[in-house]
Every structure is written in C-alpha cells, then in structure tokens.
Amino acid sequence: MIWEVFRQEQAGEYHTHCGNVHAPDREMALMFAEIQHGRRKPTNSLWVVPQKEIGEVDTEEANFGGTTDKSYRWAQSYSFEAAAEEVADSESEQVQAERQRGDD
Amino acid sequence: MDIEQVKERAGPREFSPKDDLPEEYRKAATRMIQFHANSEIMGAYLEKPFIRQAPSLDRKLAFSAKVQDEIGHGQLLYRAAESLGVKTRDEMLDELAEGKGKFLNCFHYPMDSWVETPMIAFFVDGAAMRRQATLKQSSWEPYAHAMDKVCFEEGFHVKHGEAILYELMTGSKKEQELTQEAFEEWWPRIIQFFGPTDDKSTHHDFSADVGLKTMTNDELRNAFLNAYVPKAEKYGLEIPDEPRIRDNGDSTYEVVEDDLDWDEFFTIAKNDYDPGKGQIDGRKQAQDAVEWVRETLDSHEQRFAGGTQPQAAD
Ligand SMILES: [Fe+2]
Ligand SMILES: [Fe+2]
C-alpha cells in the first residue's frame, strides 16, 4: 500500500507534501516516513495518508482561476499607494501569485 | 494542559487540534472566531445588493469577486472554530439565524446607496485587515492559517474600495457631497469597530494571556487612524469634528469616548438594533431556502461514509 507523506518543518507551519512510502499499515508508514523524510530535513511533524484516499483535479480538467481576464481581482490592478503595510504585503503576495500562475 | 500551562506556552501558532486544551481556552477561542466568521458572512450579505447596483461592468465584476471572497472567509473561519470541538458549523450558522450569533457593529447598519460602499470596502475592510494581519500570530494555529489566506485576498478589497472612493471624490460635486455625508455617518461606527478603549473591554485580558490575540483595541485603532486618516484627507474627505480625536503626535491618538454612542453600540452587540435584526432575518431566509440542499448533502454524506468503510479497512 502506498502512503503519501506530508512534512511540517516547524510547529505552526503547514504540512506540505514531500513524497510517499510503501508500507503495509499506518504504523509502519509512519516509521518509514520518519526514516525517509524526517531524518535530514528539519521536521516537526509528519502525516501519512493512504494514496487512494487522495482526490485530485488538475489543469487538464479544470481552469483554475477561470478562463476570462480577472485582473479586477488583484490588488496590483488598482494603482494607488497601499494604505498600510498589511495592504502592501497582501499586494506583493498577489503579484507573486500572478507571476507563478504565468499570467501576463 | 491546564490554563497556567497554556499561558506559559502561549505564542504564535502554538496550539493545534492535537493539543489537549482546557475548556476555558477552547470556549474563548470559539467565541472569538465564531464572531469573526459571522462578521464575514453578514458583511457579504450587506454588500451583495451592490453587485446589482454597481455603476459599471468592472465594478460589478470586482464587487461580486469580493462578496465571493467574504463568504469564503466565513467558511474558512467556521472550520477554524469548529476544530476547537466546542460547536459545529451547523450550530454556529443556526445561532446566527436565530439572532444569537454576534457580529461586527458595522454590519448591523443598513447600506442604501453606492456612495456608502467605500465606507465598508475601504475603511471597514482596512480596519479589519489591520486586525487580521495581527491575528496571523494567534495561538490557535487553524485560526492563524485561515488569516494567511484571508490577508492574501484582502489587499484587493481595500484597494478596490479605495478606487471607488477616489472615483467618487473626483466625480461630480453632488457625488462628492454625498460621499462626505456618507463618511460622516459611517465614521463613528468605523471608529467603534475596534470596540471600547482597553480598560472597558471585557474579554481582552484572557485572550491576550493565552495568545489568541496579540494587540489591544487601542493599539489597533491607533494603527488604523495613522494609516487611514491621511488617506481620507488625501481624497478630500473632511474628518468630522465628533468624535473628537486627539493626535498625540507620536502615532497615538485619543478618541474622546463620550463623543461616541455606546448605548447604540451595546444595543447592537446584543443584536437588539432594528436594522441589524432585519439583516439577520434576511440571511435566515436565505439559509431556510436552501435547507433542502443541506439535507440532500447530509444524506449523501451518510451513504458515502457507509460506502468507504470496507475500503478503509483493507
Ligand atoms: Fe473578509
Ligand atoms: Fe474583505
């Protein structure tokens, strides 16, 4: 049975996917995950999830973010100086997200 | 863990559903997050009619995206609250429908005209964002994680609100006057967003001691005034004489509390303010109208849960 492994580097952070292990049950999956994924990289916690329990939808089936121009949804479309630090932070996160999505 | 241990360990994102937390913490966190979730939902309902009333296609699209975001924030927050194990999402939604769920003062007032929209979308969203940015450091990890996504999205709300304000304040004389009038009406409510000054607020000490929140009402109000008073002035809005706000010249302000209507504020806090009651009922009707959807989903979920058991066992 295949188990997907999610690692959290530090308390309070997110568990992010880091690979998978082959193991007959949850206990051993945790043990293998610890050995394979928790030994070198900084690790606070690991999750294992049976691979077949994971649902997936990808860009072949879905248009994440839609198919039309949604620039009105982004802070950077409004050319005003951010009113406060947290507004500026949000805007730079959105700029980065826009870049990663590959929009122009 | 007992409450003393919680206070000792309290820090940003310190506690998660894995921790065995005392009821006092779980109840206080539930109250705070439920209030926040309710506010997202009630704010969305207040703004929803303006999707229709928006003066241009761009505004309509942006407004509908914003309202969609706010409903999403409500959903994220009900999850963060639910994970404390005190109340289920259904219970919280029912409490909101029955008028028992509490929410932000500003969302109890009616909003009738387009010139009022930046009062919410710029000033109230701005105030909320100030507060939410500090809640990324909350000790309840699911709450802090919800704030990551909320703050990611909110920058658009505030800047879009600012764009509407700019448009109105550079529009016709009539638009400028009506916007100023709306501002005068909303300004005291916006100041009250942060609640009474610290020595009058009841829940602060405990929430701060256990790390649920990291800043006081006064600190948040000061930070808000520092950033948004100059913006209001920049667009030609005149700050009303009352409530009197004393600029101490060191990034702190003193609001003369007696200039604000605290009777109204506490009436609102009890859900006893008439326009607010109307809004609660309006949302209840929407909730009742889709009862059949919830029922269908619930029975589907039961069937589905039955179906996966053998699979999970292999
Ligand atoms: Fe929101
Ligand atoms: Fe918002």
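The values are calculated or read from the model by the stated rules, or taken from the named source; none is laboratory data. Because the structure is predicted, anything quoted here is derived from the model rather than measured. Note that we place each Cβ from the backbone using ideal geometry, even for glycine, and neighbour counts take in every protein chain shown. The area values use the complete protein model at the heavy-atom level, side chains included, leaving out ligands, DNA and RNA. Shrake-Rupley method; radii C 1.70, N 1.55, O 1.52, S 1.80 Å.
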* Kindly check whether there is at least one residue in segment A:51-60 that is assigned to a helix (DSSP H, G or I), in contact (Cβ under 8 Å) with a residue 12 or more places away in the chain and in contact with a Phe, Trp or Tyr (Cβ under 7 Å, 6 or more places away or on another chain). => yes
* Test result for B:S113, among the hydroxyl-bearing types (S, T, Y), away from ligand 2 (no atom under 16 Å from the Cβ) and in contact with a helix residue (DSSP H, G or I) (Cβ under 6 Å, 6 or more places away or on another chain) -> no
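Among the listed residues B:I191, B:I164, identify the single one that is β-branched (V, I, T) and within 14 Å of chain A (Cβ to nearest Cβ).
Details: B:I191 fails: within 14 Å of chain A (Cβ to nearest Cβ).
Residue meeting the stated conditions: B:I164.
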* Specify which of the listed residues (B:A62, B:A37) is within 14 Å of ligand 2 (Cβ to nearest atom) and farther than 18 Å from B:V158 by Cα. => B:A37
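Could you list, in sequence order, the residues of segment A:19-45 that are assigned to a strand (DSSP E or B), away from every other protein chain (no Cβ under 12 Å) and surrounded by fewer than 18 Cβ atoms within 10 Å (Cβ to Cβ)? Full working, then the answer.
Going through segment A:19-45, the residues assigned to a strand (DSSP E or B) turn out to be A:19-22, A:45.
The next check asks that each one be away from every other protein chain (no Cβ under 12 Å); those that pass are A:19-22.
Across segment A:19-45, the qualifying residues are A:G19, A:H22.
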* To do: Consider only pairs whose beta carbons are under 6 Å apart and that are at least six residues apart or on different chains; among these, list those whose first residue lies in segment B:216-240 and is closer than 14 Å to B:D198 by Cβ and whose second residue is modelled with pLDDT under 95 and surrounded by fewer than 18 Cβ atoms within 10 Å (Cβ to Cβ).
  => B:T216/B:D198; B:N217/B:D198; B:N217/B:S201; B:D218/B:T197; B:D218/B:D198; B:N222/B:T252
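For segment B:44-154, please list each of the helices (runs of 4 or more DSSP H) lying entirely inside it that holds at least 1 residues being within 15 Å of ligand 1 (Cβ to nearest atom) and either within 14 Å of another protein chain (Cβ to nearest Cβ) or open to solvent by 30 Å² or more (accessible area, probe 1.4 Å) (or both).
Numbers: elements: B:49-53, B:57-82, B:89-97, B:125-135.
Passing ranges, in order: B:57-82, B:125-135.
When residues of segment A:89-100 are filtered for being more than 8 Å from chain B (Cβ to nearest Cβ) and closer than 29 Å to B:V124 by Cβ, how many remain? Lay out the reasoning, then the answer.
Initial filter on segment A:89-100 (more than 8 Å from chain B (Cβ to nearest Cβ)): A:92, A:95-96, A:98-100.
Pick out the ones that are also closer than 29 Å to B:V124 by Cβ and you get A:92, A:95-96, A:98.
Matching residues across segment A:89-100 total 4.
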* To do: Might you let me know whether segment A:55-71 holds any residue that is at pLDDT 95 or above, within 14 Å of chain B (Cβ to nearest Cβ) and open to solvent by 60 Å² or more (accessible area, probe 1.4 Å)?
  => yes
* Structure fact -> By residue number, the members of segment B:235-272 that are closer than 25 Å to B:G43 by Cα, open to solvent by 50 Å² or more (accessible area, probe 1.4 Å) and assigned to a loop (DSSP other than H, G, I, E, B) are B:D261, B:K270, B:D272
* Which residue, of B:F183, B:F194, is modelled with pLDDT under 95, of a type in the set (A, V, I, L, M, F, W, C) and either surrounded by 19 or more Cβ atoms within 10 Å (Cβ to Cβ) or within 16 Å of ligand 1 (Cβ to nearest atom) (or both)? -> B:F194
